[in-house]
Amino acid sequence: MMRCLALAQAWQTHGGGVSFLSHCDNDALRRRVRDAGMSFISIGNPYPDDGDLPTTLSTLSQLTSMDHDAPPWLVLDGYHFDPVYHHGIRAAGFRLLVMDDCAHLPRYHADALLNQNVYAEDLRYQCDQDTILLLGTRYVLLRPEFLTWRGWKRDIPDAARKVLVTLGGSDPDNVTLKVIEGLQQVGVKSLEVKVIVGPANAHHESLRRAAEKVSYDLQLLSDVMDMPALMAWSDVAISACGTTSWELAFMGLPSIALVLADNQELAARVLNERRVVLSLGNGASLQVESIRAAVLQLLTDRATRQAMSEGGQLLVDGRGAERVVTKLSHKDFADAFLMPWGDSDA
């Protein structure tokens, strides 16, 4: 949802209108879309339900009948959208941008395909002949609040003590609890920790109880609106290796990466090989001792943190959303976006 929102806000900046089309029933996520000045259109049941594609095509037709010079873009972000769905959109005459992570489909029918991951250019996509490929971290989508930090340089202290923990919107396996327990064993004086609890996280109560027992300074934060400021405050982050990884790289924040979904495995491995992150692998099977050791290593190793910070900022320059919008605009396409995502974590 965050990368869709970043692209949508960049489109707004260039004068376009945006509607989100989704099955998402999370009030916080819906509110975030609407607070950004975008409409939210609900889908009863997501694809492959028979009603999804007709509803989407009907909505696109309604937008086309409004005061637009050309058909609207449809932006698809979700693994449940397949070539049949893609073809249905293009066959109806609408413009289609597909966001992807792993080239898992046998074919992609799209006007443009966007994969912002560090490994994207190594993937082999089978696409329509006229598909534009936007691949790699040049196209990382950052929300506008990050862009005001472009050019900012991080101070790397000799001994780090401020830790940010952010493990996504839901964290179904409650890996956050293991991280809190691992930090309890680090033994660094004056340790300060801020833990972001996502809008779909069902473990608020267990995290609250754990926070009451730790010996270090721990704050649980919800509904965070100024993520860049928290990243600027931190010396080290512990994060899921998803969209947040690109935000951390842009902010030059050294991070420990955890894999909380299958689509994060390759990014975690490549970023670890490039020494932009320290990857601990699968979060669900992670041992508390592994967290303790990794955190202690990073907090006390300034040279490693310095290299990670510089490497991250070389990887993500903050102009990705602008590049995507420019590429699409050069084809003289429509001035409206519609962004479907099928579930709360898409």
Inset, instruction - Could you figure out which of (1) among the polar types (S, T, N, Q); (2) touching a residue at least 12 places away in the same chain (Cβ under 8 Å); (3) more than 24 Å from Leu141 (Cα to Cα) isn't true of Ser65? - result: (2)
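Mind listing just one residue for me: the one in region 184-225 that is touching a His at 6+ places or on another chain (Cβ under 9 Å) and assigned to a loop (DSSP other than H, G, I, E, B) and, of those, nearest to Val295 (Cα to Cα)?
Just the residues of region 184-225 that are touching a His at 6+ places or on another chain (Cβ under 9 Å), to begin with: 197, 220, 222.
Checking the rest, the ones that are also assigned to a loop (DSSP other than H, G, I, E, B) come to 197, 222.
Numbers: Val197: 20, Ser222: 23 Å.
Checked region 184-225; the qualifying residue nearest to Val295 (Cα to Cα) is Val197.
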Legend entry - Residues within region 34-50 that are under 16 Å from Gly88 (Cβ atoms) and either over 28 Å from the mean Cα position of the chain (by Cα) or of a type in the set (Phe, Trp, Tyr) (or both), tallied: 2
Inset, instruction - Those residues that are modelled with pLDDT of 95 or more, of a type outside the set (A, V, I, L, M, F, W, C) and outside any helix (DSSP H, G or I), I need them from region 294-346; list them, please. - result: Asp301, Asp317, Gly318, Arg319
Inset, instruction - Would you check if Gln116 is in contact with a helix residue (DSSP H, G or I) (Cβ under 8 Å, 6 or more places away or on another chain) and more than 25 Å from Met1 (Cβ to Cβ)? - result: no
Legend entry - strands (runs of 3 or more DSSP E) within region 95-183 that include 2 or more residues under 29 Å from Asp27 (Cα atoms): 95-99, 112-115, 162-166
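Residues are listed down the side, and each one gets a yes or a no for (1) touching a Ser or Thr at 6+ places or on another chain (Cβ under 7 Å); (2) of a type in the set (Asp, Glu); (3) assigned by TED's automatic domain parsing to the domain that holds Gln62:
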position	(1), (2), (3)
Pro83	no, no, yes
His87	no, no, yes
Arg90	no, no, yes
Leu96	no, no, yes
Ala112	yes, no, yes
Pro172	no, no, no
Inset, instruction - Considering only region 24-41, state which residues are at pLDDT 90 or above and of a type outside the set (D, E, K, R). - result: Val33, Ala36, Gly37, Met38, Ser39, Phe40, Ile41
Legend entry - Inter-residue pairs, beta-carbon under 8 Å, first without any contact (Cβ under 8 Å) to a residue 60 or more places away in the chain and surrounded by fewer than 16 Cβ atoms within 10 Å (Cβ to Cβ) and in region 279-305, second among the hydroxyl-bearing types (Ser, Thr, Tyr) and not in a strand (DSSP E or B), 6+ apart: Gln297/Thr304
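Quick check, is Pro46 in the same structural domain as Ile132 (by TED's automatic domain parsing) and either within 18 Å of Leu97 (Cβ to Cβ) or assigned to a strand (DSSP E or B) (or both)? Full working, then the answer.
Values: in the same structural domain as Ile132 (by TED's automatic domain parsing): yes; either within 18 Å of Leu97 (Cβ to Cβ) or assigned to a strand (DSSP E or B) (or both): no.
For Pro46, the condition - in the same structural domain as Ile132 (by TED's automatic domain parsing) and either within 18 Å of Leu97 (Cβ to Cβ) or assigned to a strand (DSSP E or B) (or both) - is not met.
Could we say that Arg138 is surrounded by fewer than 18 Cβ atoms within 10 Å (Cβ to Cβ), over 30 Å from Val295 (Cβ atoms) and at pLDDT 95 or above here? Steps first, please.
Details: surrounded by fewer than 18 Cβ atoms within 10 Å (Cβ to Cβ): yes; over 30 Å from Val295 (Cβ atoms): yes; at pLDDT 95 or above: yes.
Yes; evaluated as a whole, the condition is true for this residue.
The values are calculated or read from the model by the stated rules, or taken from the named source; none is laboratory data. As the structure is a prediction and not an experimental result, all values here were calculated from the model. Reconstructed Cβ throughout: ideal geometry from the backbone, glycine too, with neighbour counts over all protein chains shown.
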